[in-house]
Amino acid sequence: MDWQTMRRKAGTAALVGFRVLPTPLKRAAVRVGSPSYTVGAVCVLEHDGAVLFLWQPHREGWSLPGGLLGKHEEPADAVRREVAEEVGLDIDPGEPVTVRVDPENQVVDVVFRVELETRPELELATEARKAQWFTPEQLAEADRDTFGIMAALARSAQPPRTGRLRDGAQG
């Protein structure tokens, strides 16, 4: 038997063994062998072409309202909570418009978009020192995550790229 066949058979045996494990053991095995990511939910609040950005002492530059999900918290609930905490608004976030995955920093951001008919009065929390409305083109000073989120949002407005079989990839 050649090396590839032995490897394939060993892999199949491992998968069959994994399948019969109790679910808690499966989860534990996956968590031990998988990278750990933080998951956040952010909201792009828009009015008349401008987006609300916050200046917060723990961030480097302007950022969007949002934060990390709590244990067992849904992204929509987290973003609703964070927006209320940071700027005093009670929003219905709707469905996420995109998800940004940053494998280098092991961060996943679930992005929501809320279009506002009027520009609301804000009640800034202690986390946010300033709030400013900018068009995305005017945003010059933002943290890395915010630039990444805005880029993911811009890409989500484009039609998805169709996948294809890469040259030489047929087995």
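The values are calculated or read from the model by the stated rules, or taken from the named source; none is laboratory data. A quick note: this is a predicted structure, and the numbers were derived from the prediction, not measured. Glycine gets a Cβ as well: all are built from the backbone with ideal geometry, and neighbour counts include every protein chain shown. Note: areas computed on protein heavy atoms with side chains; ligands, DNA, RNA excluded. Shrake-Rupley method; radii C 1.70, N 1.55, O 1.52, S 1.80 Å.
For Thr38, Thr135, what's the largest-to-smallest order of accessible area, 1.4 Å probe?
Thr38, Thr135
Taking the longest Cα principal axis of the chain as reference, the axis of helix 75-87 is set at about 30 degrees.
Scanning the chain for trypsin sites (Lys or Arg not before Pro) lying in DSSP loops with no more than 11 further Cβ atoms inside 10 Å, the longest uninterrupted stretch between such sites is 1-70. Taking 24 Å as the straight-line reach from the Cα of Lys9, the lysines in range (excluding those fewer than 8 positions away in the same chain) are Lys26.
Only protein heavy atoms count here; on that basis, with a 1.4 Å probe, Asp102 has an accessible area of about 10 Å². Within the listed set Gly67, Gly94, Gly17, the Gaussian network model of the chain (springs between alpha-carbon atoms below 10 Å) gives the highest mean-square fluctuation for Gly17. Multiplying the residue separation of Val99 and Gln138 by 0.36 nm and removing their Cα-Cα distance gives an extension gain of 11.7 nm.
Counting only heavy atoms of the protein chains, get the accessible area per residue of the chain (1.4 Å probe) and round it to a whole Å² value. It would help to have the intermediate numbers written out before the result.
Details: 11730 Å² over 171 residues.
Counting only protein heavy atoms, the per-residue value for the chain is 69 Å².
Normalised by the number of residues in the chain, what is the relative contact order in percent for Cα pairs under 8 Å and 6+ residues apart? Numbers along the way, then the final one.
On the way: 240 pairs, mean separation 42.6, N = 171.
Relative contact order, the chain: 25 percent.
With the full set of protein chains in place, find how many percent of the accessible area of the range 1-156 is carbon and sulfur; take the probe as 1.4 Å. Percent of accessible area from carbon and sulfur atoms in the range 1-156: 53.
Here, the chain has an Rg and a Dmax of 21.3, 73 Å when only alpha carbons are counted.
Rounded to the nearest whole angstrom, the semi-axes of the ellipsoid equivalent to the range 68-114, taken from the Cα gyration tensor as √(5λ), stand at 20, 12, 10, largest first. Derived value for the range 40-87: Kirkwood hydrodynamic radius 11.3 Å. Basis is the mean of 1/r over every pair of different alpha-carbon atoms.
Which order do you get for Thr162, Thr5 if you rank them by accessible area with a 1.4 Å probe, largest at the top?
Numbers: Thr162 115, Thr5 35 Å².
Of Thr162, Thr5, the descending order of accessible area is Thr162, Thr5.
Considering only Leu21, Leu116, Leu124, the Gaussian network model of the chain with Cα springs below 10 Å gives its largest mean-square fluctuation to Leu21.
Computed with a 1.4 Å probe on the full set of protein chains, the accessible area for Val20 sits at about 110 Å². The HN-Hα couplings worked out from phi for the range 91-108 by the Karplus form 6.51 cos²θ - 1.76 cosθ + 1.60 (θ = phi - 60°) are 10, 9, x, x, 9, x, 9, 6, 10, 10, 10, 10, x, 5, 9, 6, 10, 10 Hz, whole numbers, x standing for Gly and Pro. Distance from the C-alpha centroid of the range 3-28 to that of the range 118-154: 46 Å, rounded to the whole angstrom.
Each part reduced to its alpha carbon centroid, the range 40-66 and the range 79-101 end up 10 Å apart.
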